[in-house]
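The values are calculated or read from the model by the stated rules, or taken from the named source; none is laboratory data. Every value quoted in this text rests on a predicted model; they were computed, and no experiment measured them. Backbone-built Cβ (ideal geometry, glycine too); neighbour counts: all protein chains shown.
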Amino acid sequence: EHLVIAIDGPSGSGKSSVSKAVARTLKAAYLDTGAMYRAVTYAVLASGADLSDDAAVAQAVREADLQISTDPDAELVVIAGQDVTTAIREPRITENVSAVATNLDARAELVRRQREIIAAHPRIVAEGRDITTVVAPQAPARILLTASEEARMRRRGLELGGTQSQEQLATQVLARDKKDSTVVNFTQAADGVITVDSSDLDFEQTVAAVLDAAGF
Ligand code: C5P
């Protein structure tokens with residue numbers, strides 16, 4: 001039997017760290033689809049394609065030579081043989097990723113690659129924005145991990161080392177989600193998707209709640 005746990009949610013919901021912990025607990029693989037969007041954004045920028053040219057962006061995404069680790073204990077993202085694991089977290093990527101994520105042809109290409117990766121692993125936790133609805137709507141466990149805006153901005157602030165103002169955090173967290181939600185709906189659970197609200201849960205409690213929602 002193919003164990004697929006699909007987890008969607010906005011930035012700052014704790015999705016990545018929680019999904020990794022769930023994968024470790026279940027000895028499953030882990031797929032960070034946000035890292036794939038970031039990696040192809042890196043490739044698009046490197047290609048020199050004009051970000052406002054939809055066809056050029058889609059073409060650069062289809063040509064992107066991307067490899068991503070599915071080991072929850074070994075994060076690794078490679079573009080054209082180059083380790084871009086840390087580079088894809090830089091502000092220039094975060095600022096431009098929506099231009100790729102709102103390109104429907106680019107999304108179709110990434111969804112295709114994500115389904116291939118999911119099919120290649122007997123047990124996998126896949127997280128993103130459209131996993132429960134588009135990439136793996138047939139997954140046996142589908143979870144929407146949410147948190148209040150306040151909790152999400154606090155967490156993202158801690159992640160970034162507490163150096164950002166409230167205003168910068170609002171731009172990074174809320175503005176990006178607003179842009180993202182124009183193409184994918186991850187603010188409301190689709191039919192059959194279980195919502196886990198982590199606002200008042202600590203990390204361990206959130207992991208336990210997600211495992212419980214997944215039937216473990
Ligand atoms: O999860 P993370 O914040 O790293 O994702 C980066 C960006 O990738 C998001 O802001 C969104 O634009 C895009 N994304 C997406 N669909 C996914 C995962 C990420 O559109 N399944």
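Quick notes
- Note on segment 102-123: among residues that are away from the ligand (no atom under 14 Å from the Cβ) and within 28 Å of Phe203 (Cβ to Cβ), the one that is surrounded by the fewest Cβ atoms within 10 Å (Cβ to Cβ) is Pro122.
- Scanning segment 34-69 for residues that are within 17 Å of Asp83 (Cα to Cα) and assigned to a helix (DSSP H, G or I) yields a count of 14.
- Comparison of Thr163, Thr187, Thr132 shows that the only residue that is within 18 Å of the chain's Cα centre (by Cα) and either in a helix (DSSP H, G or I) or exposed (fewer than 13 other Cβ atoms within 10 Å of the Cβ) (or both) is Thr132.
- Residues located in segment 2-26, provided they are within 14 Å of the chain's Cα centre (by Cα) and assigned to a loop (DSSP other than H, G, I, E, B): Gly9, Pro10, Ser11, Gly12, Ser13, Gly14
- Per the listing Ala126, Ala151, the residue uniquely of a type in the set (Gly, Ala, Ser) and either over 18 Å from Asp32 (Cα atoms) or more than 17 Å from the chain's Cα centre (by Cα) (or both) is Ala151.
Table: residues versus (1) under 17 Å from Ile124 (Cα atoms); (2) within 14 Å of the ligand (Cβ to nearest atom); (3) of a type outside the set (Val, Ile, Thr); (4) surrounded by fewer than 18 Cβ atoms within 10 Å (Cβ to Cβ).
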| site | (1), (2), (3), (4) |
| --- | --- |
| Ala21 | yes, no, yes, no |
| Lys27 | yes, no, yes, yes |
| Ala35 | yes, yes, yes, no |
| Val40 | no, yes, no, no |
| Asp54 | no, no, yes, yes |
| Val61 | no, yes, no, no |
| Glu90 | no, yes, yes, yes |
| Val100 | no, yes, no, no |
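- Against the numbered list (1) more than 17 Å from the chain's Cα centre (by Cα); (2) in contact (Cβ under 8 Å) with a residue 40 or more places away in the chain; (3) under 20 Å from Ala29 (Cα atoms), Ile117 comes up short only at (1).
- Single condition Gly48 does not satisfy, out of (1) on the phi > 0 side of the Ramachandran plot; (2) within 12 Å of the ligand (Cβ to nearest atom): (2)
- Pairs with Cβ under 7 Å, 6+ apart, first in segment 81-106 and over 18 Å from Ala58 (Cα atoms), second within 13 Å of the ligand (Cβ to nearest atom) and among the acidic types (Asp, Glu): Thr85/Glu75
- Candidates Glu159, Glu204 - the one that is closer than 23 Å to Val22 by Cα and modelled with pLDDT of 95 or more: Glu204
- Test: residue in segment 167-177 that is part of a strand (DSSP E or B), surrounded by 20 or more Cβ atoms within 10 Å (Cβ to Cβ) and more than 14 Å from the chain's Cα centre (by Cα): no
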